[in-house]
Structures are given as structure tokens and as C-alpha cells.
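Input: a single structure, listed below in C-alpha cells.
The values are calculated or read from the model by the stated rules, or taken from the named source; none is laboratory data. This one's a predicted model, so the numbers in the text were calculated from it and none came from an experiment. With ideal geometry, Cβ positions are generated from the backbone for all residues, glycine too; neighbour counts draw on all protein chains shown. Calculation scope for accessible area: heavy atoms of the full protein, side chains included, ligands and nucleic acids excluded. Shrake-Rupley method; radii C 1.70, N 1.55, O 1.52, S 1.80 Å.
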Amino acid sequence: LIILCNDNEIMMRLFEQIKPTNIYYENASLVMQGQSNFDSGFEWGSWLSSVLTARSVYDIVEHESNDLVAFMGFVEQEITSRLSRNKTASIAMARILVRLMDYQYQTMVFGDKKRCQGRRGNCTAIAYIAGYDMYQDIGALVPTLNTAVGRVDLRKAVNPEVYMFFEEVVRPNLLKLEEYLSESLGLFILHRASVNREALFLFDEIVDALNVTYLRTMQVRSLYEFVGRGTKTRLWDARVALDKARSCIDRRQKKYQVPFAWVASWSKNPTVYQYRYLWTVKSMYYWWRDEAIA
């Protein structure tokens with residue numbers, strides 16, 4: 001299974017500790033209740049994650065020994081049944097998405113192992129493109145309270161020695177991810193004409209998800225380069241990325257299946273999350289905070 005987790009960084013730490021061994025519960029009264037999928041229903045493109053999870057429950061493809069090949073088959077079936085009746089286009093779109101998922105898995109979770117020199121938490125892409133707020137700042141000061149994947153503090157990047165680590169270890173990883181996202185996005189969009197009319201909204205949701213991830217990666221990389229190098233053009237690049245992402249977010253929010261104010265205001269909401277995460281999307285809080293720090 002490929003786990004994509006965009007808003008709970010502690011899961012990344014746990015994921016790295018998982019070993020292929022027997023799992024048991026110390027509390028014998030706890031009963032396994034079947035497949036579970038971490039999903040609020042508002043993550044962009046979550047429909048694909050949900051249907052793939054459901055399919056894997058009743059068809060585990062025992063005859064295929066390669067996990068990635070089996071996963072590719074799942075994605076091809078879903079793209080064909082939901083997005084496009086054009087078999088050639090469906091296979092092409094599935095391959096683009098699966099290769100991108102695998103690439104994100106490597107860069108976001110593990111980073112560049114050869115460059116990390118035993119400091120994995122500081123060089124994974126997810127450590128930088130995920131949102132940071134004051135709780136993570138406190139955790140950096142008090143390690144026992146820290147639940148976030150560590151990263152080079154943007155404030156400290158003004159120090160040449162600190163920035164050098166980002167430049168040599170982190171930046172290449174972010175840049176590769178950024179370029180791969182851009183390439184995948186361009187290739188995926190080419191198949192829009194092959195998508196069934198009634199499924200265009202599903203296709204566009206994936207496009208926006210790819211686009212905003214690409215723009216966030218560009219923004220973060222540019223802000224670190226601005227702070228570390230003092231290059232003002234990088235601040236401009238970061239601001240352009242934020243403005244483009246604003247348009248992307250506005251477009252997605254209009255597609256919510258409930259009135260926007262119900263789920264994205266600064267108040268309790270009917271989603272499974274109670275900590276107002278859709279408000280931080282609407283306000284682009286984490287984007288603006290990083291720019292303000294820079």
C-alpha cells in the first residue's frame with residue numbers, strides 16, 4: 001500500500017518505523033475491524049484513494065509479486081471505468097499518476113539518503129512543504145513535545161553554515177520533486193480531451209492537486225534561497241507561486257459539495273476534523289506565514 005499523508009507529519013515518523021513483522025495488540029479486548037482509510041472527504045483527489053482502498057480489500061492480486069505493478073493495474077481499472085473510455089489514454093494517465101506517486105513516496109518520505117548523512121528528518125520533502133506553525137516552533141525548542149518532521153528553520157537559513165546544509169542536501173531533493181511535478185502535470189493535462197464529459201470534474205481535481213503541490217514546492221524552495229542567498233528574484237518567484245495557488249484554491253473551494261462557509265470558516269465544522277484545517281487552506285495561512293518569516 002502507498003500511504004499519502006498531507007497533514008499529519010507524525011504519521012511519517014511512524015511509517016518509517018514499520019517493519020514487515022507480525023502485529024499484535026497488548027490489549028486482547030481490542031478487535032480488528034477491517035480496512036480503514038484516513039480520509040475526510042475534502043482532500044483533493046481523495047476519490048481515487050478511496051476507490052483504490054476499496055478495490056484492494058476484495059482483490060489483493062495474489063498472483064502479482066510486484067507491488068507497483070499490481071497497484072498500476074488497480075489505477076488503470078479505475079481510470080478506465082471513471083475517467084476515460086479511451087484505453088490508450090487511460091493507461092497513459094495511470095502510468096503518469098503511479099510513477100508520480102512512487103516518486104513522491106521516495107522524495108517526500110525518504111529524501112536523498114546519500115546526501116542526508118544520517119539526518120533523514122531534515123531532508124525529506126514533506127518536512128519542508130508541510131505547514132509549520134507555532135506548535136512546531138515550540139517543539140523545535142522542546143524536543144519531547146515535537147511531533148513534526150524536523151527541518152532547517154527558515155529563520156536560521158540566514159546563517160551561511162545552516163543554509164549550506166539546505167543548499168547541498170535539501171534543495172536538490174526539492175528541485176527534483178518540483179521538476180517531476182511540473183513534467184507530470186504537463187503530460188497529464190494533455191489527455192483532458194480524452195476524458196468523459198461527465199468525469200471532467202474528477203480529472204480537474206487531480207490537476208489542481210498536482211498544481212498546488214508543485215506551486216507549494218516552488219514557493220518553499222524559493223523562500224529558502226531568498227533568505228540564504230539574499231536573491232530578491234527568489235522572493236518574487238515565491239510570491240508568484242502563492243498568487244497562482246490562490247486561484248487554484250479558489251477554484252477548488254467552489255466545487256465543495258456543501259456550502260463553503262460550513263466547512264472553511266473559523267469555527268467547528270461537520271467534517272471529521274475539528275481543528276479547522278479547511279480554514280488554513282482558505283486563508284493560505286501556512287503559505288503566508290512562511291513568506292512573512294522570510
Inset, instruction - At a 1.4 Å probe radius, which order do D290, D153 fall into by accessible area, largest first? - result: D153, D290
Legend entry - Gyration tensor verdict on the stretch 194-294 (Cα atoms; rounded if a/c is under 1.5, prolate if a/b is larger than b/c, oblate otherwise): oblate
Legend entry - Length gained when the stretch M284-A54 is fully extended (0.36 nm per residue, less Cα-Cα span): 79.6 nm
Legend entry - Distribution of pairwise C-alpha distances over the stretch 171-211, 5 Å bins, in %: 5, 23, 26, 19, 11, 8, 5, 2, 0
Legend entry - Extension gain, S265 back to I138 (0.36 nm per residue minus Cα-Cα distance, nm): 43.1 nm
Inset, instruction - Report the full-extension gain for the segment V61 to R197: residue separation times 0.36 nm, less the Cα-Cα distance, to one decimal in nm. - result: 45.8 nm
Inset, instruction - With a 10 Å radius around each residue's Cβ, average the other Cβ atoms per peptide and rank 238-249, 187-198, 221-232, highest first. - result: 221-232, 238-249, 187-198
